[in-house]
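One structure is given here, and the rest of the page talks about it.
The values are calculated or read from the model by the stated rules, or taken from the named source; none is laboratory data. Note that this is a predicted model, so its numbers are computed, not measured. All Cβ positions, glycine included, derive from the backbone under ideal geometry; neighbour counts span all protein chains shown. Areas reflect the complete protein model, heavy atoms only, side chains present, ligands, DNA and RNA absent. Shrake-Rupley method; radii C 1.70, N 1.55, O 1.52, S 1.80 Å.
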Amino acid sequence: MSLELNAVALRQGDEVHIHPTTLALQPGRFNTLLGQTLAGKTSLLRLMAGLVKPSHGRLSFGGLDVTG
């Protein structure tokens, strides 16, 4: 099943942790997330795992909205 992020953003107070991001991850593919320290890699993974609700945008898993 695919995981899709559609304009997902994360803000906490006045701080922007993730700027609006659109991404589609397909099954059977190898994906790598690289970035500097404090670039938002862990925050993005927490959004994809469903541990944190995005401030904006939608997450879909297998075509079903799993944002909440």
Of the residues in the range 1-20, those that are free of Cβ contacts under 8 Å to residues at least 60 places away in the same chain, open to solvent by less than 40 Å² (accessible area, probe 1.4 Å) and on the phi < 0 side of the Ramachandran plot come to 3, 5, 8, 9, 10, 18
Within the range 37-68, the residues that are farther than 13 Å from residue 19 by Cα, among the hydrophobic types (A, V, I, L, M, F, W, C) and open to solvent by less than 60 Å² (accessible area, probe 1.4 Å) are 48, 52, 59
Hey, could you check the range 21-34 for residues that are among the polar types (S, T, N, Q) and not in a strand (DSSP E or B) and say which is surrounded by the fewest Cβ atoms within 10 Å (Cβ to Cβ)? 32
Kindly provide the set of residues from the range 43-68 that are part of a loop (DSSP other than H, G, I, E, B), under 14 Å from the mean Cα position of the chain (by Cα) and under 12 Å from residue 3 (Cα atoms), ordered by number. 50, 66, 67
List, please: which pairs have Cβ atoms under 6 Å, are six or more places apart or on different chains, and start with a residue in the range 46-68 that is under 14 Å from residue 9 (Cβ atoms) and touching a residue at least 12 places away in the same chain (Cβ under 8 Å) and end with one that is among the β-branched types (Val, Ile, Thr) and open to solvent by 70 Å² or more (accessible area, probe 1.4 Å)? 59/66
Mind checking whether some residue in the range 35-42 is closer than 15 Å to residue 6 by Cα and either of a type in the set (D, E, K, R) or in a loop (DSSP other than H, G, I, E, B) (or both)? no
Before we move on, is residue 41 among the charged types (D, E, K, R) and in contact with a helix residue (DSSP H, G or I) (Cβ under 9 Å, 6 or more places away or on another chain)? no
